[in-house]
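> Next up is a structure, given as structure tokens.
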Amino acid sequence: MRLLYKNCALLFPLLLGLTACGGGQESNPVRDDPFDRTMDVADEAVFYDRLQQAETSYQKSFDYAITSDDVSNIDDAGYNLAIIKLGLNNVQDAMKTVKKTTNELKIRGQGISPQLDLVNAAIFYRMNRLSDAALAAQNAEKSKDEDIQERAYFLSALIANDAGNVNDIVQYSQKLDQLLSQSKAKIEKSWQADQKELHALLAYRQGQYEQAMTAAKEAQDIRRDQVEYRAMVRTLALQGLISEGEKNFVSAAQFYVRAGKSALLLKDYVDAKKYLDRAASLHADQLTYQLASDALVDLSKKTSKTSE
């Protein structure tokens, strides 16, 4: 399996933090040169956050996979292409890509793959269709691939959080802990960040704010070191929530401003507005209020240009 998004960048900017990390393929003396070449170009484009270029290259990879009638390559290219479209906020196109890939697999005698279940879960989550997202994530959990299992557990916990189901957050956090403790593979740093983030989220839900803040900061540091900036934004916002729980509204506003400005630079305008609006609404202190207000003006200019 050759996947760029082990973290589904849930999962962009979800999960998406949706987070990108290199996939990799065992050496093989026989190479499908056109497919591998375009996949390599796409992977590099994602690393440098050139998502539209990546979309073009993944589409070429998908076309080459169809041309060569290679089931595995169709599955992988379709998955990556759908994730990129989700990262570009083209949710309907992402869904169409999953359906198209599934149909190509069906006519070759294959059922829907766990990784396509995973991206479906991310799509439904973005659409706030939490029941559909939870079902798709549960299907992805059945995968024998630990990368897919890990992302499914993490996404399931986020879905449970949005649904206000603390018991399910506990359940999926424990599943993730168990996977990391029993995995025979080298533990990915991104997995550790996911684990810390779930621990922080659960501790916050249980009112254990000091413990939650420690875990959230650890997750943030790993995300930064792994250049997973979209996922890092989510950890900053979580620290804002924790600070609010502690009634430390100045600190909360600072975290929201930091999250909002990062999201703005990443062109995640919906999240940027959400975090910056929250920072401004707290009226915590003059500096953070001014920074939030200035960033909101900048956001308004950027969004008005994109709508022209």
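The values are calculated or read from the model by the stated rules, or taken from the named source; none is laboratory data. Since the model is a prediction, treat every value here as computed from it, not as a measurement. No Cβ is skipped: glycine too gets one built from the backbone with ideal geometry, and neighbour counts run over all protein chains shown.
> Do you know which of the residues in region 251-264 that are aliphatic (A, V, I, L, M) and under 16 Å from THR235 (Cβ atoms) is surrounded by the fewest Cβ atoms within 10 Å (Cβ to Cβ)?
Within region 251-264, the subset aliphatic (A, V, I, L, M) is 252-253, 257, 259, 263-264.
Cutting the leftovers down to under 16 Å from THR235 (Cβ atoms) gives us 252, 257, 259, 263.
On the way: ALA252: 24, VAL257: 28, ALA259: 27, ALA263: 27.
Applying the filter and picking the extreme gives ALA252.
> What's the number of the condition SER251 fails, among (1) at pLDDT 95 or above; (2) within 20 Å of the chain's Cα centre (by Cα)?
Result: SER251 passes all but (2).
> I've got another one for you. From the list LYS175, LYS189, which one is more than 26 Å from TYR269 (Cα to Cα), at pLDDT below 95 and surrounded by fewer than 23 Cβ atoms within 10 Å (Cβ to Cβ)?
LYS189
> Something else: Just checking, how many residues over region 272-295 are surrounded by fewer than 18 Cβ atoms within 10 Å (Cβ to Cβ), assigned to a helix (DSSP H, G or I) and either among the hydrophobic types (A, V, I, L, M, F, W, C) or over 23 Å from the mean Cα position of the chain (by Cα) (or both)?
The number of residues fulfilling the criteria is 7.
> Does any residue in region 253-273 that is over 12 Å from LYS302 (Cα atoms) come within less than 7 Å, Cβ to Cβ, of a residue that is of a type in the set (A, V, I, L, M, F, W, C) and not in a helix (DSSP H, G or I) six or more places away or on a different chain, and which pairs are these?
Here the result reads ALA253/ALA284, each pair linking region 253-273 to a residue that is of a type in the set (A, V, I, L, M, F, W, C) and not in a helix (DSSP H, G or I).
> So ALA45 ticks every box in (1) within 16 Å of VAL98 (Cα to Cα); (2) hydrophobic (A, V, I, L, M, F, W, C); (3) buried (at least 16 other Cβ atoms within 10 Å of the Cβ) but one. Which box is left unticked?
(1)
> Related question: Looking at region 210-227, which of the residues that are in contact with a Lys or Arg (Cβ under 6 Å, 6 or more places away or on another chain) and modelled with pLDDT of 95 or more is surrounded by the fewest Cβ atoms within 10 Å (Cβ to Cβ)? Before you say what the answer is, go through the steps one by one.
Restricting attention to region 210-227, the residues satisfying the condition of being in contact with a Lys or Arg (Cβ under 6 Å, 6 or more places away or on another chain) are 215, 218-219, 222, 226.
With modelled with pLDDT of 95 or more added as a condition, the list becomes 215, 218-219, 222.
On the way: ALA215: 24, GLU218: 18, ALA219: 27, ILE222: 22.
Ranking the candidates gives GLU218 first.
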